[in-house]
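Engineer: One structure is given below, represented as structure tokens, and several questions about it will come after.
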Amino acid sequence: MNVGVLGAGQLGRMLALAGYPLGFRFRFLDPTPDAPASHLAEQIAGGYEDPQALHRFAEGLDLVTYEFENVPVAAIRHLARRLPVYPPPEALEALQDRLTEKELFRRLGVPTAPFAAVDSLADLEEAVTEFGLPTVVKTRRLGYDGKGQWILRQGADVRPAWEAADGAALIVEGFVPFERELSILAVRSRAGEKAYYPLVENHHRDGILRLSRVAAGVRPGLQQEAEGYADGVMDALGYVGVLAIEFFEIGGSLIANEMAPRVHNSGHWTIEGAETSQFENHLRAVADLPLGGAAQRGQSAMINLIGTLPDTAAILRVPGAHLHLYGKTPRAGRKLGHVTVTAHDADELADRLTRLTGELGINSYTHR
Ligand code: AMP
């Protein structure tokens, strides 16, 4: 099976690592030379909208998938005329725009914060009056890790946010005073088989994910609710592959924030912590194979390595620590790798996490 992946970052790299035991081969397309996945497989260093690069990329492939949601839809449609491409272009298109994404949630009965499209300063002022302060303004496209986003706390914040957006299409949302951020990873195969990973709680700092772990203390029924929402979205979009949905938890309920049509950082723990990793299940789904179980094995938590590289030996001395480095040059705010710590029970996990965060010089991560 020859799999082509658009994007050769760490997600692509981990897809390849999961696919080799199944005998898959990989080719990547990414404009940035020496991308993380290029250390494992052929990378065509070309633009996503360059017809010649797309032609070379597609030659001899059995199917195409992608590892980031900002792939130009035109490139996906172009490839889809020649090869199976999953997740389907329609799903990518719906999820690239925060407005159509939220409209899809609304249509399917998935709860969201109140939201409205913003095409003028007057629209923004009107929404702020309606939703009250604080209010969150986001660019409809290309935002990630908190970029392209402004929290309006007072009336005087409205105009500067509008000006900073510099004409980009915007969405405005009511502010959700959430207790926790949770996500679910779901997967649907070409044959329509589905699997769901347990809800994960996510801790961010400066807009970047720092720690993910299977959520403790989830009220009975919440997992089924999250699965139902994912189920509805996957059916509506004819979805194939892994889908991540991020939620706010408030008063025991879920409010959907956003989705990603790809494997997701909050699912890296599944490599060691679940029966089948999100990466393997994504490949099984797109390659028309049976899915693997998504149940948790023991206890685990994942910590992202941001900006600086740790001392490898010190990390590996922590019992149950599994280090993943992505082959990137360190730079402030850059995801360079992650560590998943596994344990037999919650107490052992807490001890190991304390040791790991000590080694990493981090002391502020929640690890109940
Ligand atoms: P996003 O880019 O939509 O994932 O947002 C980045 C982060 O901003 C989220 O992880 C939340 O912590 C916060 N955030 C986004 N939207 C809202 C909202 N409507 N209410 C409160 N916090 C939000």
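The values are calculated or read from the model by the stated rules, or taken from the named source; none is laboratory data. None of the values given here were measured: they were computed from a predicted structure. Virtual Cβ from ideal backbone geometry, glycine too; neighbours counted across all protein chains shown. Just so you know, the surface numbers come from the protein's heavy atoms only, side chains and all, with ligands and any DNA or RNA stripped out. Shrake-Rupley method; radii C 1.70, N 1.55, O 1.52, S 1.80 Å.
Engineer: Give segment 236-284 a look and list any residue that's in a strand (DSSP E or B) and more than 16 Å from the ligand (Cβ to nearest atom), or say none. Spell out the reasoning first.
Structural biologist: Taking segment 236-284 as the starting set, the residues that turn out to be in a strand (DSSP E or B) are 241-250, 253-260, 274.
Within segment 236-284, G241, V242, A274 qualify.
Engineer: Among the residues of segment 175-196, is there at least one that is of a type in the set (D, E), closer than 30 Å to G292 by Cα and away from the ligand (no atom under 12 Å from the Cβ)? Full working, then the answer.
Structural biologist: Step one: filter segment 175-196 for residues of a type in the set (D, E), giving 179, 181, 193.
Narrowing further to those that are closer than 30 Å to G292 by Cα: 181, 193.
Next, only the ones that are away from the ligand (no atom under 12 Å from the Cβ) stay: 193.
Yes: one or more hits.
Engineer: Additional query: Can you name every residue in segment 101-130 that is open to solvent by 50 Å² or more (accessible area, probe 1.4 Å), assigned to a helix (DSSP H, G or I) and within 15 Å of the ligand (Cβ to nearest atom)?
Structural biologist: R106, E130
Engineer: Same structure, new question: Which condition from (1) closer than 23 Å to Q149 by Cα; (2) among the charged types (D, E, K, R); (3) away from the ligand (no atom under 16 Å from the Cβ) is the one that R219 breaks?
Structural biologist: Failed condition: (1).
Engineer: Still on this model: Test of understanding: among G192, G167, G148, which residue is in contact with a Lys or Arg (Cβ under 8 Å, 6 or more places away or on another chain) and either loosely packed, with under 14 Cβ neighbours inside 10 Å or of a type outside the set (S, T, N, Q) (or both)?
Structural biologist: On the way: G192 fails: in contact with a Lys or Arg (Cβ under 8 Å, 6 or more places away or on another chain); G167 fails: in contact with a Lys or Arg (Cβ under 8 Å, 6 or more places away or on another chain).
G148 is the lone residue from the list that is in contact with a Lys or Arg (Cβ under 8 Å, 6 or more places away or on another chain) and either loosely packed, with under 14 Cβ neighbours inside 10 Å or of a type outside the set (S, T, N, Q) (or both).
Engineer: Test P33 against the criterion of being surrounded by fewer than 22 Cβ atoms within 10 Å (Cβ to Cβ), on the phi < 0 side of the Ramachandran plot and out of contact with any strand residue (DSSP E or B) (no Cβ under 7 Å at 6 or more places or on another chain), and give yes or no. Full working, then the answer.
Structural biologist: Numbers: surrounded by fewer than 22 Cβ atoms within 10 Å (Cβ to Cβ): yes; on the phi < 0 side of the Ramachandran plot: yes; out of contact with any strand residue (DSSP E or B) (no Cβ under 7 Å at 6 or more places or on another chain): yes.
Yes: the conditions hold for P33.
Engineer: Another question about this same structure. Suppose the filter is open to solvent by 50 Å² or more (accessible area, probe 1.4 Å) and either away from the ligand (no atom under 12 Å from the Cβ) or of a type in the set (D, E) (or both); does W162 pass it? It would help to see each step written out before you state the result.
Structural biologist: On the way: open to solvent by 50 Å² or more (accessible area, probe 1.4 Å): yes; either away from the ligand (no atom under 12 Å from the Cβ) or of a type in the set (D, E) (or both): yes.
Against the criterion (open to solvent by 50 Å² or more (accessible area, probe 1.4 Å) and either away from the ligand (no atom under 12 Å from the Cβ) or of a type in the set (D, E) (or both)), W162 qualifies.
Engineer: Looking only at segment 210-226, how many residues end up being open to solvent by less than 50 Å² (accessible area, probe 1.4 Å) and either touching a residue at least 12 places away in the same chain (Cβ under 8 Å) or in contact with a His (Cβ under 8 Å, 6 or more places away or on another chain) (or both)?
Structural biologist: Applying the first criterion (open to solvent by less than 50 Å² (accessible area, probe 1.4 Å)) to segment 210-226 yields 210-215, 218, 221-223, 226.
If we keep only those that are either touching a residue at least 12 places away in the same chain (Cβ under 8 Å) or in contact with a His (Cβ under 8 Å, 6 or more places away or on another chain) (or both) as well, we get 210-215, 218, 222-223, 226.
Counting residues in segment 210-226 that are open to solvent by less than 50 Å² (accessible area, probe 1.4 Å) and either touching a residue at least 12 places away in the same chain (Cβ under 8 Å) or in contact with a His (Cβ under 8 Å, 6 or more places away or on another chain) (or both) gives 10.
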